[in-house]
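Structure, as structure tokens:
None of the figures in this text is laboratory data; all of them are computed from the coordinates on show. Note that the structure is predicted; figures quoted are calculated from it, not measured. As a convention, Cβ positions derive from the backbone with ideal geometry for all residues, glycine included, and neighbour counts pool all protein chains shown.
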Amino acid sequence: MYEIVKHIDFCFGHRLIDYLGKCNQPHGHNGRVEIRLASDTLDEMGMVADFRDVRRSMQAWIDEHLDHRMILRRDDPLVEAIEALGQHAYVIDDNPTTENLARLVYEQTEALGFPVIAVTLWETPDSHATYAPTPVTATANGQPATQRAFGSPTHRAASDSLPL
Ligand SMILES: [Zn+2]
């Protein structure tokens with residue numbers, strides 16, 4: 001099995017609906033996605049996929065849809081307020097948690113034809129979530145995805161002093 005990993009950084013805003021805690025306030029993150037692709041075989045160039053193609057395709061989609069946008073649940077009243085200002089939120093059916101946004105990027109990567117196995121989204125250097133349809137136990141460098149150098153998995157206790 002061969003695996004490659006691509007990181008893409010972007011800025012986004014969101015808030016969580018029906019949530020007791022600071023994350024129900026509109027706020028923003030300097031986010032990073034880690035896109036993991038894998039294949040049993042390599043193409044004629046000896047690649048799982050060309051890093052440039054992954055960046056070009058996914059950066060374009062993220063720039064168009066997520067970067068510097070508010071990402072909101074469809075029934076969030078903020079959607080209408082932002083539209084009234086002549087701007088556009090990115091609207092999804094689920095709460096825009098780190099987990100759901102990781103799945104969103106995963107599904108888009110898959111839809112663009114890349115052999116994606118997992119997507120991790122960091123909201124902060126110490127909070128991230130991973131979506132993978134089947135369990136993925138190690139990253140390209142052999143470290144478990146939930147125990148990388150940045151540390152602890154995502155949590156959102158209502159007593160947290162900082163918005164996640
Ligand atoms: Zn947040």
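Starting at 0 and stepping by 5 Å, how many percent of the alpha carbon pairs of the stretch 10-90 end up in each bin?
Whole-percent P(r) values from 0 Å outward: 3, 13, 17, 18, 14, 10, 9, 7, 5, 3, 0.
Kindly provide the trypsin sites (Lys or Arg not before Pro) of the stretch 70-124 that DSSP labels as loop, not H, G, I, E or B, and whose Cβ sees at most 15 other Cβ atoms within 10 Å.
Here the sparse-neighbourhood loop sites are ARG74.
Looking only at Cα atoms, what is the convex hull volume of the stretch 2-137 per residue, in Å³?
115 Å³
May I ask for log10 I(q)/I(0) of the stretch 71-120 at q = 0.15, 0.17, 0.20, 0.30 Å⁻¹, from a Debye sum over the Cα atoms as equal point scatterers with solvent left out?
Evaluating at q = 0.15, 0.17, 0.20, 0.30 Å⁻¹ gives log10 I(q)/I(0) of -0.49, -0.58, -0.71, -1.03.
Just flag the GluC sites (Glu not before Pro) in the stretch 1-46 sitting in loop per DSSP whose Cβ has no more than 15 other Cβ atoms within 10 Å.
Answer in residue order: GLU44.
Could you work out the Kirkwood radius for the stretch 10-57, taking every pair of different alpha carbons, averaging 1/r and inverting it, reported in Å?
The answer is 14.1 Å.
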